Structure formats: structure tokens, C-alpha cells
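Asker: Attaching a single structure in C-alpha cells format; questions to follow.
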Amino acid sequence: MKNENAITVSELTKTFGTFTAVNAISFEVKKGEIFGFLGANGAGKTTAMKMLIGILKPSSGQATVAGFDVHTESEAIKRNIGYMSQKFALYDDLTVRENITFFGGIYGLSRKRIQEKSKQLIEDLGLGAVGKSLVGSLPLGWKQKLAFSVAMLHDPQIVFLDEPTGGVDPITRRQFWEMIYKAAHAGTTLFVTTHYMDEAEYCNRVSIMVNGKIEALDTPKNLKQHFEAATMNDVFLKLARG
Amino acid sequence: MSIQVHEIYKSYGQVNALDNISFEVKSGELFGLIGPDGAGKTTLFRILTTLLLPDRGNARVAGYDVVRDLNAIRRHVGYMPGRFSLYQDLTVEENLEFFATIFGTTIAENYDLIKDIYVQIEPFKDRRAGKLSGGMKQKLALSCALIHRPKVLFLDEPTTGVDPVSRKEFWEMLKRLQEKDITILVSTPYMDEAALCDQIALMQDGKILEIDTPEAIVRHYPKPIYKVGAHDMYLLIETLKAYPHRHSVYPFGEYVHYTDTRMDFDSGELQTFLEAHNLSEIHIEETAPTIEDTFMELAKP
């Protein structure tokens with residue numbers, strides 16, 4: 001195997017006028033890895049992620065995502081990734097089934113495939129009783145699990161998760177992470193942006209952005225050791241406070 | 001007592017948002033309501049700040065009844081709602097002046113109380129509130145909630161969506177406010193912030209699961225708890241869940257927190273079981289329970 005990397009980023013940069021939001025970042029994410037992408041508010045996380053999912057043109061530098069170039073193949077990237085955000089993931093005014101059908105259509109799945117996926121997904125999540133309920137009426141934890149499954153409808157190589165479990169109760173949050181481990185085990189790459197350090201502790205490796213640059217990248221264990229910190233929260237505070 | 005809540009109920013249609021809630025907060029105490037979205041924290045805040053009527057039960061804040069004495073309560077409490085609710089089109093200074101005027105006071109009169117916090121945003125006092133960063137908005141909202149020198153301060157999820165650095169600064173500010181004899185009721189979904197409170201109530205689905213000091217809540221955890229690690233997290237979780245003697249299996253960062261149903265748990269036996277299921281680099285060690293462990297044990301179906 002020549003290319004075991006799901007994401008390769010080299011000197012990726014984005015400037016807005018005189019402001020450099022992302023400053024020549026370089027890193028690689030392995031296939032099947034759960035990669036945490038951390039940073040304070042305004043550190044440049046969102047800008048970097050927008051470039052990786054093909055919705056923002058980089059100013060300079062290179063990146064390939066799922067084997068496609070962010071400069072020239074952004075449409076192919078969009079077809080090969082999934083995206084889920086805490087802020088927006090599903091339509092509250094559509095039912096569970098309607099959301100699945102809608103996103104299945106967006107991802108270009110056939111009618112037959114959508115039907116199969118829909119059945120399987122509702123069964124897996126135990127949502128049989130609420131298939132015809134509006135998503136807005138579901139508890140947050142159920143919505144999150146459904147949103148993650150919907151982001152995986154088209155069997156993407158990489159799923160981007162933007163602060164996926166903020167505000168969710170601790171038991172449901174763990175069920176959610178178990179879904180993530182399961183997906184990673186099956187070979188899907190998970191790219192998680194968050195500024196919640198307890199989410200970071202679940203990742204295989206994490207990077208920490210400070211003022212547009214990646215200041216640290218390693219496993220949570222090694223980072224804690226290196227910064228002589230008990231938790232990722234302490235690592236983060238040491239880095240961000242300088 | 002600064003806050004007394006007695007058997008409060010509130011439902012929205014079929015949903016019981018608050019189901020028999022009772023607790024007390026002493027004067028000068030920092031009391032935390034800890035729970036996920038949907039626990040009922042905001043409904044409780046709205047009742048205690050006289051913005052919502054309870055279906056049943058009663059509550060007193062700073063000695064006043066939340067239903068009968070609403071005007072007195074409004075003069076004596078500060079409330080920072082979860083959603084940023086200052087005037088986006090007014091500047092930092094205009095917002096502060098507005099709130100001072102509404103309460104019949106001036107910035108100068110109570111400046112000592114907010115000085116610590118306000119100096120950090122004062123360089124931007126001519127900037128419109130809508131143009132501030134998240135951390136700065138939060139500091140302005142807190143300044144506005146304090147400008148009339150309230151006896152009781154209500155903070156609804158002040159740190160949600162805020163990065164760890166700003167979160168830490170915010171809690172340091174609360175600790176300093178407490179020294180100025182203000183009672184603080186704060187809510188948060190983050191279990192790690194619970195340790196910073198004098199007393200906490202763990203809440204889920206409209207109910208209080210337990211009330212105590214953070215230290216006591218952790219001490220009441222009923223079982224020995226073990227952290228278990230192995231080379232493959234997914235396989236480890238699946239295997240532990242298949243172990244016949246498991247009581248609970250919860251991923252916790254790079255480890256899994258495990259409890260056993262038996263009193264005479266033998267880690268060697270579990271080690272053998274895990275090895276037989278192709279796990280390697282196995283690590284089993286007793287560990288101290290966290291507030292999150294306790295929360296999950298209490299909320300366990």
C-alpha cells in the first residue's frame with residue numbers, strides 16, 4: 001500500500017486581507033484514525049476545516065483529502081466525505097425517515113439503496129417507534145446519533161465531526177463515541193474538531209492550533225507526558241496561555 | 001438561606017421539565033446545577049428569576065417569594081441567560097450604562113464590583129456588542145448582570161461554547177465574586193466544572209439525582225472502579241460488554257472505566273478473558289471515580 005493516509009496537508013495557508021487565519025500547517029491523518037483537531041476560539045480550526053472539506057479555496061499550500069486535491073477536485077472531495085456538526089445536522093421539520101431520504105438523495109444514492117439504508121439505520125439505532133416523528137421532537141442524544149449515521153449514509157472514506165457531543169448526557173455521549181470507534185474499526189477515518197478537551201481524550205491523535213499554527217501533534221498520552229499535565233485540558237491551557 | 005426551592009413542578013404539555021425539585025443554597029455559596037441539555041436547568045432559572053410560573057411548589061430567592069414578590073426579586077438578582085441577550089447594536093459602554101440606568105444606579109457607584117471583569121473589555125468600550133468575540137461578550141454580559149449589585153447571581157450555562165482558556169478565566173472571576181458576598185447559582189453541562197462549586201445538584205430529565213459537595217458525591221460511588229486499557233479500543237469495549245460479570249462499561253478517553261457485579265473481583269481473571277479475545281497491551285488498575293462516573297451510575301437505566 002502506497003497511500004495509507006486519508007488526509008495529507010502541506011504548508012496549507014489561508015489569508016483574509018492582511019490577516020493570516022491558517023499559517024502553513026502540515027500534518028497527515030492515517031486511514032481509520034480518529035484525529036482530533038483542537039484550538040481555542042479564533043485559532044483557525046474552522047477555516048482549516050472548510051479548506052479540507054472543499055468549501056474554501058486555500059491561499060497557498062497543498063492538501064489531499066480521500067485522495068483528491070483541495071485546489072482542483074473539491075467536488076470529488078464532497079462526494080467522498082461526510083460532515084456532521086452540533087449546530088446543524090438534520091432538518092427539525094422533517095421526520096426521521098424524511099431526513100434520511102433527503103440526505104440520501106443529496107448524496108446521490110438510488111431509491112432502492114436509500115430504502116435499504118433507511119431500514120437498516122432505523123433498526124440499528126432502535127428508532128422504529130419514532131420513524132415518522134419530526135426530528136425536532138427527539139431528545140438531543142438521539143438526534144446526534146441519527147445525524148452521525150446520516151453523515152455516513154453514502155459510506156464516505158472520511159467523516160468530519162464538528163463538536164459532535166457538546167451538551168449531550170454522559171451515557172449517550174459514550175454511546176456516540178462507541179459508534180465512532182466502530183466506524184474507525186471498519187476503516188472510516190474520523191476528523192473531529194472540538195474545543196472540549198474531554199472529546200479530545202477519545203482521539204487516537206490530536207493536534208492543537210494556536211494563532212493559525214499547529215503547536216502540538218501527538219497521542220493524548222504522549223502530549224500529557226510531554227507537557228507534564230494530568231489532562232488534555234491542562235495541556236491545552238499550557239499551550240494556549242504560552 | 002439565599003435560595004430555597006421546595007417541591008417545584010413544571011411541565012410543557014407531556015414533558016415534565018421539572019419533577020419535584022427541592023434544594024437550598026446558603027448565602028455566599030457557589031452552587032452548581034450539573035446536567036445535560038434537557039435536564040431542566042433553564043426552566044428552573046426562569047422560575048427563580050420570576051420569568052416563568054411553576055405549576056406547583058414554591059421558592060424563595062433572597063427572602064422573597066418567586067410568585068408573589070416578583071418586583072423585589074427582579075431588583076435583587078442578576079441573571080445571565082444562556083443565549084447572549086444584550087443589545088447587539090449598542091456599544092459595550094452603552095449596554096452597561098443602559099442596565100445601570102434601568103436599575104436606577106450608575107456605573108461609577110458599583111464600579112468596584114465589576115472592575116476586575118470590565119477592565120478586560122474596557123479597551124473595546126466603543127465597539128458594538130454584536131462585534132465582540134465570544135469571550136468578550138461573556139465578560140460584558142456578566143458586567144451587565146452585576147451592575148446593580150445583586151444579592152444573588154444566576155448564570156445559565158455561561159461557559160457553553162467557550163474555549164478552555166476563557167472557561168478557566170470565567171471560573172476564576174466567579175470565585176472572586178463569591179468573596180464579595182454574592183450568592184451564585186450556575187449551571188453547566190460540563191462535569192469537570194462541578195469540582196469548582198461548593199455544592200452541586202446533578203440533574204437529568206427534570207429530576208435531581210443527588211445533591212452534595214463535589215467531594216462527597218465522588219466518595220458515595222458505590223463500587224470499586226477500574227480503568228482498563230488495551231491495544232484496540234473498539235475490541236476492548238465489545239469484549240468487556242460480553243464479560244458475564246460486568247456491571248458497567250464506559251469509555252473514558254484512552255481507557256474504559258469498568259465495574260464488576262461481584263465483591264471479590266479478580267483482575268487476573270478479567271486479564272485472562274481479555275487475552276483469550278485477542279486483546280494485547282492490557283492494563284487493569286483501580287482508579288478514583290469522577291463526578292461523571294457518579295452521574296452515570298445514578299442515571300443508569
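The values are calculated or read from the model by the stated rules, or taken from the named source; none is laboratory data. Since we're looking at a predicted model, the values are computed, not measured. Note: ideal-geometry Cβ built from the backbone for every residue, glycine included; neighbour counts use all protein chains shown. SASA here: full protein model, heavy atoms, side chains in, ligands and nucleic acids out. Shrake-Rupley method; radii C 1.70, N 1.55, O 1.52, S 1.80 Å.
Asker: Find all pairs meeting these conditions: Cβ atoms under 7 angstrom apart; at least six residues apart or on different chains; first residue within segment A:176-190 and in contact (Cβ under 8 Å) with a residue 12 or more places away in the chain; second residue assigned to a helix (DSSP H, G or I) and among the small types (G, A, S).
Answerer: Sorted first by the residue in segment A:176-190, then by its partner, the pairs are A:L190/A:A183; A:L190/A:A184.
Asker: Residues that are polar (S, T, N, Q): which strands (runs of 3 or more DSSP E) entirely in segment A:143-238 hold 1 or more of them? Break it down stepwise before answering.
Answerer: On the way: elements: A:158-162, A:189-194, A:205-210, A:213-218.
Ranges flagged: A:189-194, A:205-210.
Asker: Can you name every residue in segment A:68-93 that is open to solvent by less than 50 Å² (accessible area, probe 1.4 Å) and either in a loop (DSSP other than H, G, I, E, B) or of a type in the set (F, W, Y) (or both)? Talk me through it step by step, then tell me what you get.
Answerer: Keep residues of segment A:68-93 that are open to solvent by less than 50 Å² (accessible area, probe 1.4 Å), which gives A:69-70, A:74, A:76-77, A:80-82, A:84-85, A:89-90.
Residues satisfying the conditions are A:V70, A:A89, A:L90.
Asker: Being surrounded by 15 or more Cβ atoms within 10 Å (Cβ to Cβ), in a helix (DSSP H, G or I), without any contact (Cβ under 8 Å) to a residue 40 or more places away in the chain and in contact with a Pro (Cβ under 8 Å, 6 or more places away or on another chain), is that true of even one residue in segment A:42-54?
Answerer: Yes - at least one qualifying residue is present in segment A:42-54.
Asker: Just one of (1) assigned to a helix (DSSP H, G or I); (2) modelled with pLDDT under 95 trips up B:F98, so point out which.
Answerer: Here B:F98 meets the rest and fails (2).
Asker: Of the conditions (1) part of a loop (DSSP other than H, G, I, E, B); (2) among the basic types (K, R); (3) surrounded by 19 or more Cβ atoms within 10 Å (Cβ to Cβ), A:K117 fails just one. Which one is it?
Answerer: (1)
Asker: Here's another thing I want to ask about it. Mind listing whichever residues of segment A:172-212 are charged (D, E, K, R) and within 16 Å of B:Y190 (Cα to Cα)?
Answerer: Hits for segment A:172-212 are A:R173, A:R174, A:D198, A:E199, A:E201.
Asker: Being outside any strand (DSSP E or B), aliphatic (A, V, I, L, M) and open to solvent by less than 10 Å² (accessible area, probe 1.4 Å) is the filter here, so list the residues in segment B:27-83 that pass it. So that I can check it myself, show each step before the final result.
Answerer: So in segment B:27-83, the residues outside any strand (DSSP E or B) come out as B:27-29, B:35-55, B:62-63, B:66-76, B:81-83.
Narrowing further to those that are aliphatic (A, V, I, L, M): B:39, B:44, B:47-48, B:51-53, B:62, B:66-67, B:70, B:72-73.
Across segment B:27-83, the qualifying residues are B:A39, B:L44, B:I47, B:L48, B:V66, B:I73.
Asker: Among B:G135, B:G130, which is the only one that is more than 19 Å from B:E172 (Cα to Cα), at pLDDT below 95 and out of contact with any Pro (no Cβ under 6 Å at 6 or more places or on another chain)?
Answerer: Matching residue, one of B:G135, B:G130: B:G130.
Asker: Which helices (runs of 4 or more DSSP H) sit wholly inside segment B:155-257 and have at least 3 residues that are at the interface with chain A (Cβ under 9 Å from one of its Cβ atoms) and either open to solvent by 20 Å² or more (accessible area, probe 1.4 Å) or of a type outside the set (F, W, Y) (or both)?
Answerer: Passing ranges, in order: B:164-178, B:233-242.
Asker: I've got another one for you. I'm trying to understand the selection: among the residues of segment B:139-179, which are touching a Phe, Trp or Tyr at 6+ places or on another chain (Cβ under 7 Å) and in contact (Cβ under 8 Å) with a residue 40 or more places away in the chain?
Answerer: Across segment B:139-179, the qualifying residues are B:A141, B:S143, B:C144, B:A145, B:I147, B:H148, B:F154, B:D156, B:P158.
Asker: Of all residues in segment B:114-154, which are more than 22 Å from the chain's Cα centre (by Cα), among the hydrophobic types (A, V, I, L, M, F, W, C) and either within 14 Å of chain A (Cβ to nearest Cβ) or assigned to a helix (DSSP H, G or I) (or both)?
Answerer: Residues satisfying the conditions are B:I114, B:F124, B:A129, B:L132.
Asker: For residues in segment A:181-223 being touching a Leu at 6+ places or on another chain (Cβ under 8 Å) and among the β-branched types (V, I, T), which is surrounded by the fewest Cβ atoms within 10 Å (Cβ to Cβ)?
Answerer: A:V210
Asker: Is one or more of the residues making up segment B:280-290 open to solvent by 50 Å² or more (accessible area, probe 1.4 Å), in contact with a Phe, Trp or Tyr (Cβ under 6 Å, 6 or more places away or on another chain) and either part of a strand (DSSP E or B) or within 14 Å of another protein chain (Cβ to nearest Cβ) (or both)?
Answerer: There is at least one residue in segment B:280-290 that is open to solvent by 50 Å² or more (accessible area, probe 1.4 Å), in contact with a Phe, Trp or Tyr (Cβ under 6 Å, 6 or more places away or on another chain) and either part of a strand (DSSP E or B) or within 14 Å of another protein chain (Cβ to nearest Cβ) (or both).
Asker: What is the one condition in (1) under 14 Å from A:Y181 (Cα atoms); (2) at pLDDT 95 or above that B:H247 does not satisfy?
Answerer: (1)
Asker: Oh, and also: Condition test on B:F45, is it at pLDDT 95 or above and not polar (S, T, N, Q)?
Answerer: Considered against the rule, which asks whether it is at pLDDT 95 or above and not polar (S, T, N, Q), B:F45 comes out as yes.
Asker: Taking segment A:221-241, which residues are within 10 Å of chain B (Cβ to nearest Cβ) and either farther than 16 Å from A:Y196 by Cβ or in contact (Cβ under 8 Å) with a residue 24 or more places away in the chain (or both)?
Answerer: Of everything in segment A:221-241, those that are within 10 Å of chain B (Cβ to nearest Cβ) and either farther than 16 Å from A:Y196 by Cβ or in contact (Cβ under 8 Å) with a residue 24 or more places away in the chain (or both) turn out to be A:K221, A:K224, A:T231, A:M232, A:N233, A:V235, A:F236, A:L239, A:A240, A:R241.
Asker: Now a separate question. Check whether at least one residue in segment A:133-152 is surrounded by 19 or more Cβ atoms within 10 Å (Cβ to Cβ), among the β-branched types (V, I, T) and within 11 Å of another protein chain (Cβ to nearest Cβ), and report yes or no.
Answerer: No, segment A:133-152 contains no residue that is surrounded by 19 or more Cβ atoms within 10 Å (Cβ to Cβ), among the β-branched types (V, I, T) and within 11 Å of another protein chain (Cβ to nearest Cβ).
Asker: If a residue has to be over 13 Å from B:I284 (Cβ atoms) and in contact with a strand residue (DSSP E or B) (Cβ under 8 Å, 6 or more places away or on another chain) to count, how many in segment B:219-245 make the cut?
Answerer: Final tally of qualifying residues: 6.
Asker: Here's a follow-up. Restricting attention to segment B:1-32, which residues are within 14 Å of chain A (Cβ to nearest Cβ) and touching a helix residue (DSSP H, G or I) at 6+ places or on another chain (Cβ under 6 Å)? Show your work before the answer.
Answerer: Our first condition is that a residue be within 14 Å of chain A (Cβ to nearest Cβ); within segment B:1-32, this holds for B:12-17.
The one that is within 14 Å of chain A (Cβ to nearest Cβ) and touching a helix residue (DSSP H, G or I) at 6+ places or on another chain (Cβ under 6 Å): B:A17.
Asker: Condition first: touching a Phe, Trp or Tyr at 6+ places or on another chain (Cβ under 8 Å) and polar (S, T, N, Q). Now tell me which residues in segment A:184-204 satisfy that.
Answerer: Across segment A:184-204, the qualifying residues are A:T189, A:T193, A:T194, A:N204.
Asker: Right, another one. Might you check whether a residue that is under 25 Å from B:V165 (Cβ atoms) and within 14 Å of chain B (Cβ to nearest Cβ) occurs anywhere in segment A:47-56?
Answerer: no
Asker: Taking B:Q138 as the residue in question, decide whether it is in the same structural domain as B:Y64 (by TED's automatic domain parsing) and surrounded by fewer than 21 Cβ atoms within 10 Å (Cβ to Cβ). First the steps, then the outcome.
Answerer: Details: in the same structural domain as B:Y64 (by TED's automatic domain parsing): yes; surrounded by fewer than 21 Cβ atoms within 10 Å (Cβ to Cβ): no.
No; evaluated as a whole, the condition is false for this residue.
Asker: Just one of A:L38, A:L12 is farther than 22 Å from A:L153 by Cα, within 14 Å of another protein chain (Cβ to nearest Cβ) and in a strand (DSSP E or B); which is it? I'd like the intermediate steps shown before the answer.
Answerer: Numbers: A:L12 fails: within 14 Å of another protein chain (Cβ to nearest Cβ).
Answer to the check: A:L38.
Asker: Next question. Restricting segment A:164-180 to residues that are more than 13 Å from A:D198 (Cα to Cα) and more than 7 Å from every other protein chain (Cβ to nearest Cβ), which is most open to solvent (accessible area, probe 1.4 Å)?
Answerer: A:Q175
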